[in-house]
Each structure stands twice: as C-alpha cells, then as structure tokens.
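Peer 1: Got a structure for you, written out below as structure tokens; questions coming shortly.
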Amino acid sequence: MGEISYPLTATRPTSGIAYYLRVLRVVGAIEFKAKYAGAVLGYVWSLAKPLAYFGVLWLVFAHLLRTANQTQDFTIFLLIGILLYTFFVDTVSAMLPSIVTGGSILRRLAFPPILVPLSASVGIGITFCANMSALAVFIAIQKVAPRAEWLLVPPLLAELSIFCVGIGLLVAALYVRFRDVVQIWELTAQLLFFASAIFYPIGILPVWAQKIAFLNPFVQVMQDVRHAVLGGASGPNDVTAATVYGGAGRLIPILIAVFIFLGALAFFRREGRYFAERV
C-alpha cells in the first residue's frame, strides 16, 4: 500500500471512532479505485475471477458429471460458494502484507496500525458487494422466490466479515516477523477451496468429516447462506451445522469466529507497538 494523503479540515476531530471510520471510508475508497486504475476493463476484472471459477466448475459438474451431481439449483449453489470463497481469500490476502507495505505511513503519521489492514479489507468489501449483483442476476434467471430467510443473509455476511478480519489481522501481524506466512497462506487458500464443499454437497462426506468441516466458520456461513437463499432445497446431501451438531450446533463455528477475532485483535495490538521499527 503506497502513501495516501487526503484532506482533513481543522474543524474535524482527529481521534475517536467517527474519525477512524472516516479514515477507513476515504482510504478504502482510494484503495478500491487504485486497484483498477489504468486497467481498460477496470472493475470487470474483479468480477471475471469468480465467474471464471464458476464457469469451469459449472461446466464440469452440471454437465459432464451430471449423473454424479444430485444438487438442485446447482447454478446458485455453486455461485454462492465461489463468491464467498473469493471474498474470504481476497480479504485475507489483501490484509496480509498491508503492515509491511504501509510501513512508511506508520513511521511518519500518528496512525493507529489497525487502520492499515482494515483499509485494505474495505476495498475488497466494496468489490464483494458489487459482485453480489451477479448472484442477484442468476437468482432472477432461476426464478427463485423471495423468502423471509433472506433476511438472515446480512447477519451471516457480518459473521464472515468478522472471521475474515480476524484471520487478516493475525496473518498481517505474523508477516511482520515471518515472511513465510505468505507461502503458508497461499497453500492454505488452495487447500481450502477443495476442502470447503464449495462445488460439492458436504453431506457426501462421512459424519466425522462433516463435524470437522463445520469447525470452519466459513463453511458454516456458506451453508447457511445457501439454505437461506434456496430454502434448504439443494438436495438430500446438503446439510448445515445445526444438522450435524444438533439444534444449537450453529453456535460452535460462530463462537470460533468470535474467539479468533478477539484473539487476533489482542495479538495485533500487542505486536503493533513494534511495527514501525520492524517494517
């Protein structure tokens, strides 16, 4: 992240939550615009990535392996998984190097270190909100009837955001000390794509494997969003955390997400005292 400047008037406060939110809004917008500056297609490149994943997997599992795939509304089922996975991976990937690349800001300005990785995540969040328009188009094409459960989607996305930010803060702080974190995260992201039931129903896994999979808050959010949008009609092998663990089972991955976020926040604040001298 390069040096960023923006106007601040003398009458506005330079501390407090309102000030920090304003900084995040301004810097996040700058990050979003800078990402596509000079590109002929601009934002379209961001949409092309998840749609490319979607196109290949849809062709393979909806047509070439149609007999093996019993998932109903597979188009929307798959697109939800791809969009959420892209949001998760891109958020963490953007936050990971942010402290190191933004070291000049930390040394020159009285700038809370946490705003550096958070500003990187804001740009990804803007991109994700725009990408959701593709899902809306496919929902309209498939003529999926609106349901009251759609109101559960925003809280689920908020949970996923908390989990993403928690992982992002953790790896951003670790990357200042250990440069191997980049390679570890890239490998983890690749394995996560195949282990998270993005393109197959999680119910085909053994019960013990399902219980392990749902310890990942990303998997829980993805499955709950699918059930909220599609009404739990994705097929006999499509299950949720509540199905696997019991009635209150959904709380397990939610508590894991909150624990990771709080733990990462405490670790980031402790390490933040030394960022300026280490980057």
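The values are calculated or read from the model by the stated rules, or taken from the named source; none is laboratory data. Keep in mind the model is a prediction, meaning the values are calculated, not measured. Here the Cβ positions follow ideal geometry from the backbone for every residue, glycine too, while neighbour counts run over all protein chains shown. Just the protein is used for accessible areas: all its heavy atoms, side chains included, with ligands, DNA and RNA removed. Shrake-Rupley method; radii C 1.70, N 1.55, O 1.52, S 1.80 Å.
Peer 1: Taking the highest mean first, how do the peptides 208-216, 184-192, 142-150 order by number of other beta carbon atoms within 10 angstrom per residue?
Peer 2: Details: 208-216: 16.3, 184-192: 13.7, 142-150: 10.6.
Result, highest mean first: 208-216, 184-192, 142-150.
Peer 1: Working out 0.36 nm times the residue gap between Ala18 and Phe194, then minus their Cα-Cα distance, what length gain in nm do you get to one decimal? Walk me through the intermediate numbers first.
Peer 2: On the way: separation 176, 0.36 × 176 = 63.36 nm, distance 4.07 nm.
Using 0.36 nm per residue and subtracting the Cα-Cα distance, I get 59.3 nm.
Peer 1: Of the heavy-atom accessible surface of the stretch 199-279 (probe 1.4 angstrom), what whole percent is carbon and sulfur?
Peer 2: On the way: 2490 of 3700 Å².
Exposed carbon and sulfur together represent 67 percent of the surface.
Peer 1: What whole-number value in Å² describes the accessible area per residue of the stretch 130-186 for a 1.4 Å probe? Don't skip to the answer; put the middle values down first.
Peer 2: Details: 3090 Å² over 57 residues.
That works out to 54 Å² per residue.
Peer 1: Something else about it: Measure off 7 Å from each Cα along the Cα-to-Cβ vector at Gln183 and Arg147, then give the distance between these two points in nanometres to one decimal.
Peer 2: Once both label points are built, they end up 4.5 nm from each other.
Peer 1: Between Arg278 and Gln72, what is the label-point separation in nm under the 7 Å Cα-to-beta-carbon projection?
Peer 2: 5.2
Peer 1: Among Val225, Phe268, Phe199, whose Cα projects farthest towards the positive end of the dipole of the stretch 198-279, with charges put on the beta-carbon of Lys, Arg (+1) and Asp, Glu (-1)?
Peer 2: Phe268
Peer 1: Which whole-Hz couplings ³J(HN,Hα) result when phi for each residue of the stretch 141-149 is put into the Karplus expression 6.51 cos²θ - 1.76 cosθ + 1.60, θ = phi - 60°, listed in order with x for Gly and Pro?
Peer 2: Whole-Hz 3J(HN,Hα) from phi for the stretch 141-149: 5, 7, 6, 6, 6, x, 9, 4, 5.
Peer 1: In addition: Under a point-charge model restricted to the Cβ atoms of Lys and Arg (+1) and Asp and Glu (-1), what is the dipole moment magnitude of the stretch 207-279 relative to its Cα centre, in debye to the nearest 20? Numbers along the way, then the final one.
Peer 2: Numbers: 7 positive and 4 negative charges, 48 e Å.
That gives a dipole near 240 debye.
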